[in-house]
Amino acid sequence: MATANMLWKSAKILSIPVPIASNGRWGRIGCTFRIHQFEGSFFSNSLRSTCSSSSANSVWKGKEYLILSDEELMRQCEMDTFKASGPGGQHRNKRESAVRLKHIPTGITAQAVEDRSQHKNRASALARLRAQLALKVRNPVDLEDYSPPPELLQILPLKSTIRPPGCGPQIGPNNSKFLPGMQALLDLIYTLDGSISDTAKYIGLTTGAVSRLILSDDSLRMAVNDIRISKGMKPLK
């Protein structure tokens, strides 16, 4: 079995600019960190990360990719354009309007080809990239005195025993705010080795309610099943 030190030495070293705010003014700092690819997922951790700035110290975590603006996220990507097959006749797509994005820190890719507008395809590819980051980038979870983050509470059913009354209505898969909650749920499931029953205990739901939440979104279901299969467990159906 690989030791923590072995995993650390094999990790990919990355240096990226991180946006920060200080005294109402925006600036950028250089942040060096290592990211591991493990069992099909990416694990971003803050151990031995080094950041230097005259105004702030920042630790880069995977979940922070989701709160970047479109412009900030694009600065972390490589963009390729290409021709994609489309409808025939005079409306055939003859320009390189299809867009493929590659997120440099993680290597995750997403593309869009369905529109004849490169601008619209770029926006669609970026939205898909955000979803892939939520599905594939795992963040460490401390189970001691665990308290679900607000983004996870928002996607839980109202019947959850730990959901505060002022949390508002449950957010569904069609809401853009579902992605951070989905990522937080996957982080917890991954930390609990894919156990749905153990996950249910931490978020105040029955095992059946957690299963229904997972099955409400196909991409979430597939991500959970990838985790469970990697842990030697049966997939949810």
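So which residues in segment 195-215 are under 15 Å from Leu135 (Cα atoms) and either in contact with an Asp or Glu (Cβ under 9 Å, 6 or more places away or on another chain) or surrounded by fewer than 16 Cβ atoms within 10 Å (Cβ to Cβ) (or both)?
Hit for segment 195-215 is Leu215, nothing else.
Picking from Lys102, Lys120, which residue would you name as being surrounded by fewer than 18 Cβ atoms within 10 Å (Cβ to Cβ), at pLDDT 95 or above and in contact with a Ser or Thr (Cβ under 8 Å, 6 or more places away or on another chain)?
Details: Lys120 fails: in contact with a Ser or Thr (Cβ under 8 Å, 6 or more places away or on another chain).
It is Lys102.
Residues that are more than 17 Å from Leu152 (Cα to Cα) and in contact with a Pro (Cβ under 9 Å, 6 or more places away or on another chain): which helices (runs of 4 or more DSSP H) entirely in segment 182-237 hold 3 or more of them?
So the answer is 218-230.
Of the numbered conditions (1) surrounded by 15 or more Cβ atoms within 10 Å (Cβ to Cβ); (2) at pLDDT 95 or above; (3) not in a helix (DSSP H, G or I), Leu143 satisfies every one except a single condition; which is it?
With respect to (1) surrounded by 15 or more Cβ atoms within 10 Å (Cβ to Cβ); (2) at pLDDT 95 or above; (3) not in a helix (DSSP H, G or I), Leu143 is out only on (1).
If a residue has to be surrounded by fewer than 17 Cβ atoms within 10 Å (Cβ to Cβ) and assigned to a helix (DSSP H, G or I) to count, how many in segment 146-168 make the cut?
Residues flagged as surrounded by fewer than 17 Cβ atoms within 10 Å (Cβ to Cβ) and assigned to a helix (DSSP H, G or I) within segment 146-168 amount to 4.
The values are calculated or read from the model by the stated rules, or taken from the named source; none is laboratory data. For clarity, every value in this text was computed on a predicted model and none was experimentally measured. FYI the Cβ positions are ideal-geometry reconstructions off the backbone, even for glycines, and counts take in every protein chain you see.
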